[in-house]
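The block underneath contains the structure these notes are about, expressed in structure tokens.
The values are calculated or read from the model by the stated rules, or taken from the named source; none is laboratory data. All values derive from a computational prediction rather than experimental measurement. No Cβ is skipped: glycine too gets one built from the backbone with ideal geometry, and neighbour counts run over all protein chains shown.
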Amino acid sequence: MSGYTLEIITPIKSYKFSDVIHTLCPGESGYFGILKNHTNSIINLKEGVISVKTAKEKIDFSCSAGIVDINSDPADDIEDRVVLLLEDIQEVK
């Protein structure tokens, strides 16, 4: 696997993606991207659109405010993992 694992969790629904290449998120200071081996971070999210690009597809979600927890350390053998915790999310067609 060349990408990372992304989980999007809401009180009602959750999504899990493997082999994610890039995620674009709406932060409080503007949009930011997440790639493999990103610095470990906890970042506040604001309402906006989240774009997820995997090896096979690109999906956009309309989201409420929340947080993103990025766990990545190239020095260990543990798989990179990003978790988005949101109040609400809807896939944009």
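Restricting attention to segment 47-63, the residues that are touching a Pro at 6+ places or on another chain (Cβ under 6 Å) and touching a residue at least 24 places away in the same chain (Cβ under 8 Å) total 0. Remark: K36 matches the filter, which requires a residue to be out of contact with any His (no Cβ under 6 Å at 6 or more places or on another chain), under 21 Å from D19 (Cα atoms), basic (K, R) and modelled with pLDDT under 90.
Check whether at least one residue in segment 83-92 is surrounded by 13 or more Cβ atoms within 10 Å (Cβ to Cβ), modelled with pLDDT of 85 or more, touching a strand residue (DSSP E or B) at 6+ places or on another chain (Cβ under 6 Å) and assigned to a strand (DSSP E or B), and report yes or no. Checked against the condition, which is being surrounded by 13 or more Cβ atoms within 10 Å (Cβ to Cβ), modelled with pLDDT of 85 or more, touching a strand residue (DSSP E or B) at 6+ places or on another chain (Cβ under 6 Å) and assigned to a strand (DSSP E or B), segment 83-92 yields no hits at all. Could you check N37 against (1) over 21 Å from S2 (Cα atoms); (2) of a type outside the set (K, R); (3) in contact (Cβ under 8 Å) with a residue 24 or more places away in the chain and say which number it fails? Against the list (1) over 21 Å from S2 (Cα atoms); (2) of a type outside the set (K, R); (3) in contact (Cβ under 8 Å) with a residue 24 or more places away in the chain, N37 comes up short only on (1).
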